[in-house]
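Working notes for the structure below.
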Amino acid sequence: MNKLVIASRESKLAMWQAEHIKARLEALYPQLAVEILGMTTQGDQILDKTLSKIGGKGLFVKELEQALQDGRADIAVHSIKDVPMNLPQGFALAAICEREDPRDAFVSNTYASLHELPAGAVVGTSSLRRESQIRARFPHLTIKPLRGNVQTRLRKLDDGEFDAIILAAAGLKRLELSERIRAELAPSESLPAVGQGALGIEIRADRDDLTALLAPLNHADTAACVTAERSLSRVLGGSCQIPIGGFATITDDVITLGGFVAHPDGSVMLTASASAPRDYADALGRAVAKQLLEQDAGPLIAAVIAEQANK
Ligand SMILES: NCc1[nH]cc(CCC(=O)O)c1CC(=O)O
C-alpha cells in the first residue's frame, strides 16, 4: 500500500484530529502518502435542533462511512464520543488512540467557576449529560441550548448569549484554545461522556490489509477504558437522547469504571462503579450497567426518551 485516504469532518477540530493521525502514519511509514478527504455531515448542517432531537451521534459518522464503503477513503478518524455504540454491519474500529484530557471545561469571560455563577446565570450546553449534572448541583442556574462546532460555541459566548459554556477540554486543547478554560471539572463534578477525549479509527470490516498498519496507533490503556465505557453505554442504549456518563481509569492493569444515568432536570441521579482486571473491560461495563438497571435505570431512560419526544 502506498497511498491512504483519511475521511474527516471539516470542522477545525476534526481536521486537527485527521492531520494528527496523518502525521503519525507518515512518521511510522515514510513511504506512505496520506491524504485527507474533508466532508460535511448532517450533524454539522442541522444546527438549530439539539442532537437528541435530530437523531444523535450517527449523524456525524454516516457520510464518512459512506466514503469508506465507496472506496473514496480507507479510514475515518472520529472523536470516539461521536461514534454510536453499535457500528453498522460491515464496519469496525481498528484503533483507539491515546486519550487527551477527558474532562469537561468551564469557559466564561466573567466567572472563574460554576460556583461563582449567580442565580439565574445562563449556562450554554446542549448535552443532556452536562445539563443534568449542573442542574443537580446548581439548581439556581439556567441552562440554554448551544450547538455548533467549538469556534461557533465560543463566538456565541463572546457575543453575550451566555454567562458561561461547558466544552470538552480535549477539543480546546487540541485547537490551542487552552487559555479559554477557566476551570476543569473533575470527573466527580461532571462525569465525562463515554469516550470523551479519545480518537477512534474506523475502517470497513473487510479491510484486513489495514489492521496491522493501524495497530501501532492503538493505545492499550485508552482502548481498555473506552471499551468498558462503551460497553456500559451499549447495555443502557446510550445516545445523545439520554443523560448518561461513563468514565474509566486504569492503574496497575485494573480498570475502574464509574457511570451514571439521570433525569435532565437533575432530580434523579443514579450512579454506580466497579473495578475489574483489564482483560474484562467489556464485562466491567456490563456489570456497572447492571448495577444501574437494578436501581431502575430502565424505566428512567424510557421516561426521559418519551419526554424528549414530546418536547
Ligand atoms: N459533541 C461534539 C464533540 N465531539 C468531540 C468533542 C470534543 C473532543 C473529544 O471528546 O474528543 C466535541 C466537542 C465538545 O463536546 O465540546
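The values are calculated or read from the model by the stated rules, or taken from the named source; none is laboratory data. The structure presented is a predicted model; accordingly, all values stated were derived computationally and were not measured. Using ideal geometry, Cβ is built from the backbone for each residue, glycine included, and neighbour counts are taken over all protein chains shown.
Assorted remarks:
- Qualifying residue in the range 276-287 (condition: closer than 24 Å to Ile134 by Cα and modelled with pLDDT of 95 or more): no
- Selection from the range 163-200 of residues that are within 10 Å of the ligand (Cβ to nearest atom) and in a strand (DSSP E or B): Ile165, Ile166, Leu167, Ala168, Leu199, Gly200
- Within the range 237-255, considering residues that are surrounded by 24 or more Cβ atoms within 10 Å (Cβ to Cβ) and of a type in the set (A, V, I, L, M), the one farthest from Pro102 (Cα to Cα): Ile242
- Only one entry of Gln69, Gln151 meets the criterion of being closer than 20 Å to Arg174 by Cβ, surrounded by fewer than 17 Cβ atoms within 10 Å (Cβ to Cβ) and not hydrophobic (A, V, I, L, M, F, W, C), and that entry is Gln151.
- Scanning the range 91-110 for residues that are within 13 Å of Ala223 (Cα to Cα) and either at pLDDT below 95 or part of a strand (DSSP E or B) (or both) yields Leu93, Ala94, Ala95, Ile96.
- Members of the range 85-117 found to be in contact with a helix residue (DSSP H, G or I) (Cβ under 6 Å, 6 or more places away or on another chain), more than 15 Å from Leu199 (Cα to Cα) and among the small types (Gly, Ala, Ser), listed by number: Ala105
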